[in-house]
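J.: Mind having a look at this structure? Questions to follow.
The values are calculated or read from the model by the stated rules, or taken from the named source; none is laboratory data. Since this is a predicted model, take the numbers as computed values, not measurements. All Cβ positions, glycine included, derive from the backbone under ideal geometry; neighbour counts span all protein chains shown. Side chains are part of the model used for accessible areas, which takes the heavy atoms of the whole protein and leaves out ligands, DNA and RNA. Shrake-Rupley method; radii C 1.70, N 1.55, O 1.52, S 1.80 Å.
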Amino acid sequence: MMTPEEHKQRTARSYKLLLVFAMISMTMMFAGLTSALVVSKSRPDWMKDFQLPSSFFVSLGVIILCSIAMHFAKSAIKKDNRALTTKLLLATLALGSAFVYFQFQGFSQLFENHLYPVGGSGSITISFLYVLVYVHLAHLAGGIISQLIIIYNHFKQKYNSSQFLGIELGAMYWHFLDFLWVYLFLFLYFFK
C-alpha cells in the first residue's frame, strides 16, 4: 500500500508527464507550420523584404518577463512567501495579458501598412504570420486560463512549500510558451 507521500509524488509525476506530452505535440504542430513556411518561401509571390511589426519586439520582451515572474513565483512559494507569490502570480497574469495586447497591436501595424492575410492585396507571407501568431495566442489563452486557476487556488491557500504542483505546472507551461514565441520570433525575423 502506498503512503500519502508516495501517492502525492506519483500524481505529480503523472501530471508533469501529461504536460510534457502536450508540449511535445504542440511543438510538433509548430514544427509542421514552420516547415510549411519554409516550403512556401519558394513561391514567386513570397515577400522578401517583409519586416516584423515593432510591437512583436515588445511582446518578445514581455513574454520573457512573464516566464521570469512565474519562475520567481515558484521559488517564492517554496519558501512559503505567500505575499511575494501573490504579487508574482498577478504579475505573470498582467504580463500575459500585455503580451496579447502587443500581438494585436502588431496586427494593427500590419493593417496600417496594408498587409493583409487574405483578399486582393493579401499575401501568403502575411497569412503564415497570422496563422503562427494566432495558434500561439490560442495556446497562450490556455496559459492565461490556467494562471487564473492557479491564482484562485493560491487565494484558497492550496499552495505552500510542500504543495506547489499547480504553480510548478504553470511555470513549466509559461516557460514553454516563452520558448515557443522566442523560436517563432527568431524564425520569422531571420527566415525571410
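J.: If you take the residues of segment 163-172 that are at pLDDT 95 or above and either of a type in the set (Asp, Glu) or surrounded by fewer than 20 Cβ atoms within 10 Å (Cβ to Cβ) (or both), which of them is nearest to residue 100 (Cα to Cα)?
T.: The residue in question is 172.
J.: Quick check on this structure: which one of 128, 102, 107, 111 is open to solvent by 40 Å² or more (accessible area, probe 1.4 Å) and touching a residue at least 40 places away in the same chain (Cβ under 8 Å)?
T.: Of the residues listed, the single one that is open to solvent by 40 Å² or more (accessible area, probe 1.4 Å) and touching a residue at least 40 places away in the same chain (Cβ under 8 Å) is 102.
J.: Also, quick follow-up: I'd like to check something: does segment 52-74 contain any residue that is open to solvent by 30 Å² or more (accessible area, probe 1.4 Å), closer than 20 Å to residue 149 by Cβ and among the hydrophobic types (A, V, I, L, M, F, W, C)?
T.: Yes, segment 52-74 has at least one match.
J.: Please indicate, with yes or no, whether at least one residue in segment 135-157 is closer than 30 Å to residue 89 by Cα and in a loop (DSSP other than H, G, I, E, B).
T.: yes
J.: Exactly one condition in (1) over 30 Å from residue 44 (Cα atoms); (2) open to solvent by less than 10 Å² (accessible area, probe 1.4 Å) is false for residue 160; which is it?
T.: That leaves (2) as the condition not met.
J.: Just the residues that are small (Gly, Ala, Ser) and surrounded by fewer than 17 Cβ atoms within 10 Å (Cβ to Cβ), please, taken from segment 75-92.
T.: Listed by number, the residues that qualify are 75, 83.
J.: Follow-up question, since we're still on this one. Among the numbered criteria (1) of a type in the set (A, V, I, L, M, F, W, C); (2) open to solvent by 40 Å² or more (accessible area, probe 1.4 Å); (3) in contact with a helix residue (DSSP H, G or I) (Cβ under 9 Å, 6 or more places away or on another chain); (4) assigned to a helix (DSSP H, G or I), which one does residue 26 miss?
T.: (2)
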